[in-house]
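Presented below is the structure to which this report refers.
The values are calculated or read from the model by the stated rules, or taken from the named source; none is laboratory data. All values reported here derive from a predicted model rather than from experimental measurement. As a convention, Cβ positions derive from the backbone with ideal geometry for all residues, glycine included, and neighbour counts pool all protein chains shown. Heavy atoms of the whole protein, side chains included, go into the accessibility calculation; ligands, DNA and RNA do not. Shrake-Rupley method; radii C 1.70, N 1.55, O 1.52, S 1.80 Å.
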Amino acid sequence: ANQADVAVTLTLNGNTLSTIKNGTATLVSGTDYTVSGSTVTIKKAYLATQAVGTSTLTFSFSAGANQSLAVAVTDTTTPVSNSTITPTIAGFDKKTTNQADVAVTMTLNGNTLSTIKNGTATLVTGTDYTVSESTVTIKKAYLATQAVGTTTLTFSFSAGATQSLAVAVTDTTTPVTNSTITPTMAGFDKKTANQADVGVTMTLNGNTLSTIKNGTATLVASTDYTVSGSTVTIKKEYLATQALGSTTLTFEFSAGTTQSLVVTIADTTVAPTAALKVQMYNSSLSASGNTLNPKFKLVNTSTSAVTLSDVKVRYYYTIDGEKAQSFFCDWSQVGSANVTGTFVKLPTAKANADYYLEVGFSSAAGSLAAGASIDIQVRVSKEDWTNYTQTGDFSFNAVDTNYVDWSKTPAYVSGNLIWGSEPN
């Protein structure tokens, strides 16, 4: 119903039309096309015989260059339906005894399979894959040549959209063994005379060191640290730039899990004269809950003011299911926005603690006058709000409902422990 002749106007410039060709085939004048003055009419009866796609007709003249007419031939008699494949995700293990072909079922919807490609490379039928009716079998011999990771194979059809098969390629020939580091905790004193590099011994177990990170920042090899054999040396010049408190360096390897080094940064340039104590109780004494909510009272028991930005208070607990965590300061006399919370995972878990919350203060918090005190009311939760079990946590006060002196929430000034104790 939609077929129509195609009219072409010639500007001959003194020449005459000689032939019209489709590839090597010459169209027949009077049958495939007609000429009337400067108008050539390509007959719909001829065009209807062409395959769906582009037919290029070449006009030759008595002199001068040829000219081309590209005719896009479509067929809307039956709308094109996309082909589909099942599955679209598969796995392949390069370990010889575990290798297996991957079978894919096609629902062609009237189309035919044209090619399968891996990026720009076309797979060879009969070698890389076989086709039996609606089943394509990707050969294990081909998949075994692929690198560990994801290989995406693109199926192209005679019509409709392409479809993709993502193959997760693994190799369990040699199980991955995690690397380890020793020590996992270290100290650093910013006092110039006491500054020293921190040495770490790696047991690589066949892996290689990839990067060392401090949060999202990547340390620079040869500047921030050096590697000699299995020894990593964290440079004192780098550590001297870190803030007082805890700095966690994460070692990443070519395979296996990351390992962490927690460095406690202190500064004994001026010996602390401050005397502080921490009082605490937990606003919820339930054994289990989705929030930890310790309430701290920081008391200056010395005769001089203490700069709060030099002060850290730690709350030790067990996370009971590794998840990202959130810190909230609900209230403090110095302003909630001036209270900070940092989560530190202990490199070696204790029976009653595998994490601690380190509460600190920004410079805008000011100082705590001699004999004065401030409250810091905080909450901790996991990103999915699953429960913590408080029973047995090192810093948990399971009895009191008001402030009491609590030695299990240690306090530090300029990195120096001046109140309480850490878990053994």
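Per residue of the chain, the DSSP helices (runs of n ≥ 4 H) give a summed -39500 (n - 2.57) that works out to -500 deg cm²/dmol at 222 nm.
Starting from the residue with the highest accessible area, list Y281, Y356 in decreasing order, probe 1.4 Å. Provide the component values of the computation, followed by the final result.
Values: Y281 40, Y356 0 Å².
I get Y281, Y356, largest accessible area first.
Rounded to the nearest 20 debye, the dipole magnitude of segment 146-260 is 220 debye, with +1 charges on Lys and Arg beta carbons, -1 on Asp and Glu beta carbons, and the Cα centre as origin.
What's the whole-number percent of alpha carbon pairs in the chain lying beyond 32 angstrom?
Working: 56453 of 89676 pairs.
It works out to 63 percent of all Cα pairs.
Under the convention that each Lys and Arg Cβ holds +1 and each Asp and Glu Cβ holds -1, the size of the dipole of segment 317-424 around its Cα centre is about 140 debye. With Cα atoms as the point set, segment 224-381 shows a radius of gyration and Dmax of 17.8, 54 Å.
For the chain, give the percent of accessible area contributed by carbon and sulfur heavy atoms, probe 1.4 Å, rounded to a whole number. Walk me through the intermediate numbers first.
Values: 10550 of 21150 Å².
The value for the chain is 50 percent carbon and sulfur by accessible area.
Couplings for segment 279-293, taken from phi via the Karplus curve 6.51 cos²θ - 1.76 cosθ + 1.60 with θ = phi - 60°, read 10, 7, 8, 9, 6, 10, 9, 4, 5, 9, x, 8, 9, 9, 9 Hz in order; Gly and Pro are left as x. Measuring r between the beta carbons of S304 and A240 and using R0 = 22 Å, the FRET efficiency lands at 0.25. Each Lys and Arg adds +1 at its Cβ and each Asp and Glu adds -1 at its Cβ; summed about the Cα centre, segment 242-379 shows a dipole of about 260 debye. Using the charge dipole of segment 93-185 (Lys, Arg: +1 at Cβ; Asp, Glu: -1 at Cβ; taken about the Cα centre), state which of V148, S114, A166 has its Cα farthest towards the positive end. Of the candidates, V148 comes out farthest on the positive side. Measuring between their Cα centroids, segment 224-244 and segment 159-210 lie 17 Å from each other. Using C-alpha pairs below 8 Å separated by at least 6 residues, the relative contact order for segment 49-104 is 25 percent.
Shown in residue order for segment 227-235 are the 3J(HN,Hα) couplings computed by the Karplus curve 6.51 cos²θ - 1.76 cosθ + 1.60 at θ = phi - 60°: 10, 9, x, 9, 10, 9, 10, 7, 6 Hz (x for Gly and Pro).
Can you work out the accessible area per residue across segment 251-377, with the rest of the protein chains kept in place, probe 1.4 Å, in square angstrom? Could the numbers behind the result be given before it?
On the way: 5020 Å² over 127 residues.
Per residue, segment 251-377 has an accessible area of 40 Å².
In this structure, the pairs whose alpha-carbon distance is over 25 Å, taken from K190/K323; K213/K277; K95/K139; K295/K382; K312/K345, are K190/K323; K213/K277. In this structure, the amide hydrogen of I418, modeled 1.01 Å from its nitrogen in the peptide plane, lies closer than 5 angstrom to those of A411, Y412, V413, counting only residues at least 5 positions away or on a different chain.
Please report Rg over Rh for segment 317-423, where both radii come from the alpha carbon positions and Rh follows the Kirkwood definition.
Working: Rg = 14.6 Å, Rh = 15.3 Å.
With Rg and the Kirkwood Rh in hand, the quotient comes to 0.95.
What range in the chain is the longest one free of trypsin sites (Lys or Arg not before Pro) that are in a loop by DSSP and have at most 15 other Cβ atoms within 10 angstrom?
Details: sites that count: K95, K191, K323.
Within the chain, the longest run free of exposed trypsin sites (Lys or Arg not before Pro) spans 192-322.
For segment 176-187, the Karplus equation 6.51 cos²θ - 1.76 cosθ + 1.60, evaluated at θ = phi - 60°, returns couplings of 6, 10, 5, 7, 9, 10, 9, x, 10, 9, 8, x Hz by residue, with Gly and Pro reported as x.
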